[in-house]
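What follows is a short report on a single structure.
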Amino acid sequence: MTSAPPKDRSVCIHVTAQRKADEIEAALVRNGLNVHHCPTITTTPVLEDQDLLEVTREIIRVHPDLLVVTTGVGFRGWMSAAESAGLKEELTKSLRGAMIVARGAKARGAVVGEGLETAWVSPEETAADVAEHLRGLDMAGRSVVVQHHGMGVDGLDDVVRSLGGTVTSVVTYRYAPATNTTDIDRSIRESVTGRPVGVLFTSAGGAEAWLDRASTAEIDALTRLSAVGTTGLFAVGSVTAQPLVDAGLTPIIPHRFRLGTLLKKVIEWSEGFPGEHVQGEES
């Protein structure tokens, strides 16, 4: 989807979000920007936002004994939701007292990225291996949080219950790769031209999916261009930005982790290129 021609300037912004994309694009177009939509993942809500926040508040209240993190993307997605609701600091404090089990290196990386420590990481990176590890722990009467991956049930809740523990499940979204990658590839090509181009991210999963489409040469170019600000990589918060940081890029993050603040940041950045005419490729 391509917006109407910009009013004043034509710095191009690529929006990778699926959710709230229309709202984001409308706000940017009103400020004279040339906007292209390139959703990097499709998401199917499993819990309504309010339900997820209620679960998060309950976890904050309970201070769980054990946390099982099954995916880095899912954990970062949960942190992103908590961040947007102003609950991240309290949630992190609550989880700091828990024994944390990670299903693989990426899950561990997401945990460590939040300043937390893992007690055990599955070398096989499978739910079955995690379940076997849990069976060797004393679960009786313990409060356990299981952050589930986005591909369905993994059986870990049942394992915990069978061992006498109580379970709180955290599932944010089921993720699926975008079926149309043409717009994603276009956004990457335009972001490495050396002209002022912005890319806007609202989830860690979306950032990871975007990076997965980039070549090594394109990542190298993005490293240089994002460092000097010619390519603006905008992330709604530190959780969303982490995959970009891990790739060696320099994201732009607002001081308040809110969408409105992020959009103001994009507009301020674009005003640093007065008179630019970056029309991008023809649709």
So what is the accessible area of the chain per residue, in Å², with the probe set to 1.4 Å?
45 Å²
Projected onto the charge dipole of the chain (+1 at Lys/Arg Cβ, -1 at Asp/Glu Cβ, origin at the Cα centre), which of Ala207, Ser162, Thr231 gives the Cα projection farthest towards the positive end?
Thr231
With a ≥ b ≥ c taken as the square roots of the eigenvalues of the C-alpha gyration tensor of segment 189-268, please select rounded if a/c is under 1.5 and otherwise prolate if a/b is larger than b/c or oblate if it is not?
oblate
Using a Gaussian network model of the chain with C-alpha springs under 10 Å, which one of Leu244, Leu225, Leu163 is most mobile by mean-square fluctuation?
Leu163
Rolling a 1.4 angstrom probe over the protein chains, ignoring ligands and nucleic acids, what is the accessible area of Glu271 in square angstrom, nearest 10?
110 Å²
Could you compute how much accessible surface Val62 exposes when probed at 1.4 Å, giving the result in Å² to the nearest 10?
60 Å²
Extending each Cα 7 Å along its Cβ direction at Asp138 and Ala227, get the distance between those two points in nm, one decimal.
5.2 nm
Can you tell me what share of the DSSP beta bridges in the chain is antiparallel? A percent to the nearest 5 is fine.
15 percent
Would you compute, from DSSP H runs of 4+ residues alone, the mean residue ellipticity of the chain at 222 nm, taking -39500 (n - 2.57) per run and dividing by the full residue count, rounded to the nearest 500?
-13000 deg cm²/dmol
Under 30 Å from the Cα of Lys106 - lysines, other chains or at least 8 residues apart
Lys20, Lys88, Lys93, Lys265
Distance-filtered residues of segment 53-95 - backbone nitrogen under 17 Å, label point 7 angstrom along Trp120 Cα→Cβ:
65-71
Compute, for Ser143, the solvent-accessible surface of its heavy atoms (probe 1.4 Å) with the complete set of protein chains present, and express it in square angstrom to the nearest 10.
20 Å²
Ordering of 175-188, 15-28 by burial proxy (mean other Cβ atoms within 10 Å per residue, highest first)
15-28, 175-188
Carbon and sulfur together cover what percent of the accessible area of segment 106-260 at a 1.4 Å probe radius?
51 percent
Leading residue at positive end of dipole, the chain (Cβ point charges), from Ala107, Thr43, Thr56
Thr56
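The values are calculated or read from the model by the stated rules, or taken from the named source; none is laboratory data. Computed from a predicted model, the values in this text were never measured in an experiment. Virtual Cβ from ideal backbone geometry, glycine too; neighbours counted across all protein chains shown. Protein only, heavy atoms only, side chains kept; ligands, DNA and RNA dropped before computing areas. Shrake-Rupley method; radii C 1.70, N 1.55, O 1.52, S 1.80 Å.
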